[in-house]
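These notes are about the structure you will find just below.
The values are calculated or read from the model by the stated rules, or taken from the named source; none is laboratory data. This one's a predicted model, so the numbers in the text were calculated from it and none came from an experiment. Every residue, glycine among them, receives a Cβ derived from its backbone with ideal geometry; neighbour counts consider all protein chains shown. Note: accessible area is taken over every heavy atom of the protein model, side chains too, but ligands, DNA and RNA are not part of it. Shrake-Rupley method; radii C 1.70, N 1.55, O 1.52, S 1.80 Å.
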Amino acid sequence: MILTEILAPAGDETTAYAALDAGADAIYLGLTSFSARSSAENFDVAALCRVCEYAHLSGAKVYVCLNTLVLDGETEGFFECARLAYNAGADALLVQDMFLGKTLKTLYSEITLHLSTQAGCCSVRGARLAKEYGFSRVVLARETPFAEVKGIASVIETEVFVQGALCSCFSGQCYFSSFAGNNSGNRGRCKQPCRKKYAIDRAGFGDFAYALSPSDLSVGKRIRDYVDAGVVSLKIEGRMRRPEYAAAAVKYYRALLDGGDAERAFSALKRAYNRGDYTEGLPFGQTGGFLSRRVQGHIGEEVGFIGASGRGYFVRSDFVPRKGDAFKILRGGAEVGGAAFLSAEKGGFYVSSSARLAAGDSVRVTTSGEARGFALAPSDRKRIEIYLRFVAGEKPTARVGEFVHEGGEPLAQAKNSPLTEEELVACFCRTDALPLVPEIVAETDNAFLPKSALNAFRREFYRAYVLYAAGRVQELPQRTPPRVALSPASGALRAVISADEDAECDILIYKPFDYRRIAAPERRGRKLFLYLPPCFTSADERSVASALKDFDGIYAEGYYGLSLAEEYGVELFAGTGFNLTNAYAVSEVRGRAKFFALSKELSARDQKKLCIAGAFVLQGGAVKLMDLIYCPFGKSCASCDGRERYTLTDEAGREFPLRHYESVSGCRFEVYNCARLEAKAEGANCLTDESVGGLCGVTRGHGRESMA
């Protein structure tokens, strides 16, 4: 039986140790290559070895993120990175590209693979495919409805996010940073344009606000629902956050699971980082409070309100600050400014601020020495009983349970000063910073061993015990990856994604505005494919099933499309949402799809390498940047004008079309780039997206080099 684990983020070594000391069952981290958080400090192999030793001796696991998209010229480096991570002690690797993961598992069957949330798994279909391709666990998309979780957990080990930042876009499908700023989120370089201010041309939403920025996730007691559904891993997001945040989050969820002081732990967590006073997220159907429209960044915990002013501003509060504590002031939910602690008084305390504060302003502590101390206080370290036997004429031995470490040569007879039990105990109490509390029983009889040799034996013993604790027998040798030969092919087909039934093309990818009522267009000599979005659940499948007979196939934006097409006996057009970026992925999907689109982020050079029979390249029209599985208007349905298109305008005046459509579960939205794409790929089949019609402005490949 697999027990539920608390999984913590580690952007650097300090955070890794803080999370483990706080009681994490596992941590996840990135190497300096192929990590979706390239801005984190990350780990080289030596640092990974140190952390794995520490974790395994704590009874914890280490998962390494190799979860960016991998270009064709990078695959050998990816396989080697995976091998080095395993040999350093990694218990599992997180991979985004399911097809590349299949090849990795074939090459190194010993490696345990977890499917990254970037793969967008949110249904049983995706879970089954992951298992078929050699993955042991799926990390669910943050948007996965709770109704889907139990079914997925019955198929494969399941991991869910319970705490931390939320992405605005459906997992793995965001191209905003890539096309608007030439920094690919799928390559770990996201610049978070979703956290900027935007106005939307709808009454009540025309002022600039953080229109796409979700509050931080905190499911709290709802973790019990996940545990009851069979989820094995509760994941805390935050590889870019400080050690006290990771530790505080671990302690909070540990308290909820084990019956500790959850209230105090939650207070420390809010003071470590809190964007938007938290949301339970989309899985549980929360709508109000999902977005943090008025405040961006850490707002801490509310501790009081501004009263009178004098030699400072007096805060009416029961909270007792410490020197160095810092505060943020909100008025009507919007940030006014910061404040610093001056002095304590009966019934509250004084703060200073460069901003003009007013009576009734909310005072929130954002830096708290007391909360930091609570979060970073280590939990009990692992106790081990070591039995030492150092007898003249015998090889020295050190035993922990069934593990026995033996020296190479028998011990010499002592001529003057034999080893004492006290010397052995003192030596083996030095654990070289490993998280162990040894309880030592020593037996010795007239043996002699130089101090340097004794220290060397101790180090060898602990090093061997680390490997034993990790369950690792031997390192993986370097193996030659399988070769994939792709035969180039030219194409002249034109496919159009559109809701316009009159679009002239060879393949019409019909994209309805209402998936609850689908009427297939006339064929007119064209092939007809039904567009299916990346977030496609069991409920979505039921809503479109009866319409599939009227189409030649489906254009699917996610892995689920492979089994869906096979089950319903229709052709598959694997969309740009498959993020095909290398020959291994293209070769695999070519065997299961009639047509497929290459990643929209590839450069022209990389596209050319992968243009085989059946391949399409996005060459014109609109560029979809984001899929929003929530309402940016906070489900203010009573006043909604129900338009099919809105405009999202940034502070630089750029206008991004916002397309609205209806799914069986409610309204969804898509964000498109502010300019049309007019890049051309010679000799390739052409895919054009006309979902939002004409746009002002043109870009010739803007963002197309972002994957290089």
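State whether one or more residues within region 548-555 are under 28 Å from the mean Cα position of the chain (by Cα) and of a type outside the set (S, T, N, Q).
yes
Let me spell it out: the conditions are (1) over 30 Å from residue 56 (Cα atoms); (2) of a type in the set (A, V, I, L, M); (3) in contact with a Phe, Trp or Tyr (Cβ under 8 Å, 6 or more places away or on another chain); (4) open to solvent by 10 Å² or more (accessible area, probe 1.4 Å), and residue 107 meets all of them except one. Which number is the exception?
Residue 107 satisfies every listed condition except (1).
Residue check: is residue 199 in a strand (DSSP E or B) and surrounded by fewer than 22 Cβ atoms within 10 Å (Cβ to Cβ)?
In short, yes.
Based on this model, can you work out whether residue 141 counts as assigned to a helix (DSSP H, G or I), closer than 25 Å to residue 538 by Cα, hydrophobic (A, V, I, L, M, F, W, C) and touching a Cys at 6+ places or on another chain (Cβ under 7 Å)?
Taking the combined requirement at face value, the residue does not satisfy it.
Taking residue 71 as the residue in question, decide whether it is within 25 Å of residue 255 (Cβ to Cβ) and in contact with a Ser or Thr (Cβ under 6 Å, 6 or more places away or on another chain).
Criteria not met by residue 71.
Tally the residues that are open to solvent by less than 10 Å² (accessible area, probe 1.4 Å) and modelled with pLDDT of 95 or more, restricting the search to region 611-621.
3
Can you name the condition, by its number, that residue 679 falls short on among (1) touching a Gly at 6+ places or on another chain (Cβ under 6 Å); (2) part of a strand (DSSP E or B)?
(2)
What residue, of 206, 134, 151, is without any contact (Cβ under 8 Å) to a residue 12 or more places away in the chain and either farther than 30 Å from residue 645 by Cβ or part of a loop (DSSP other than H, G, I, E, B) (or both)?
206
Restricting to region 272-300, name every residue that is open to solvent by 30 Å² or more (accessible area, probe 1.4 Å), at negative phi and either out of contact with any Phe, Trp or Tyr (no Cβ under 8 Å at 6 or more places or on another chain) or of a type in the set (Val, Ile, Thr) (or both).
280, 286, 287, 288
Given (1) under 43 Å from the mean Cα position of the chain (by Cα); (2) open to solvent by 30 Å² or more (accessible area, probe 1.4 Å), where does residue 428 come up short, assuming only one miss?
Unmet condition: (2).
Looking only at region 579-610, count every residue that is open to solvent by 10 Å² or more (accessible area, probe 1.4 Å), among the aromatic types (Phe, Trp, Tyr) and more than 13 Å from residue 72 (Cβ to Cβ) and tell me the total.
Residues flagged as open to solvent by 10 Å² or more (accessible area, probe 1.4 Å), among the aromatic types (Phe, Trp, Tyr) and more than 13 Å from residue 72 (Cβ to Cβ) within region 579-610 amount to 1.
Restricting attention to region 211-241, which residues are closer than 21 Å to residue 273 by Cα, open to solvent by 10 Å² or more (accessible area, probe 1.4 Å) and touching a helix residue (DSSP H, G or I) at 6+ places or on another chain (Cβ under 7 Å)?
Residues satisfying the conditions are 221, 222.
Please work out which one of (1) at pLDDT 95 or above; (2) closer than 30 Å to residue 49 by Cα; (3) of a type in the set (D, E, K, R) is the condition residue 475 fails and give its number.
(1)
Would you be able to tell me the number of residues in region 180-194 that are over 16 Å from residue 600 (Cα atoms) and either assigned to a helix (DSSP H, G or I) or hydroxyl-bearing (Ser, Thr, Tyr) (or both)?
Residues in region 180-194 being over 16 Å from residue 600 (Cα atoms) and either assigned to a helix (DSSP H, G or I) or hydroxyl-bearing (Ser, Thr, Tyr) (or both): 2 in total.
Does region 386-408 hold any residues that are open to solvent by 60 Å² or more (accessible area, probe 1.4 Å), modelled with pLDDT of 95 or more and either outside any strand (DSSP E or B) or not aliphatic (A, V, I, L, M) (or both), and which are they?
387, 389, 394, 395, 399, 406
Please tell me if residue 531 is within 23 Å of the chain's Cα centre (by Cα) and in contact (Cβ under 8 Å) with a residue 12 or more places away in the chain.
For residue 531, the condition - within 23 Å of the chain's Cα centre (by Cα) and in contact (Cβ under 8 Å) with a residue 12 or more places away in the chain - is not met.
Please enumerate the residues belonging to region 347-385 that are assigned to a loop (DSSP other than H, G, I, E, B), surrounded by 14 or more Cβ atoms within 10 Å (Cβ to Cβ) and at positive phi.
none
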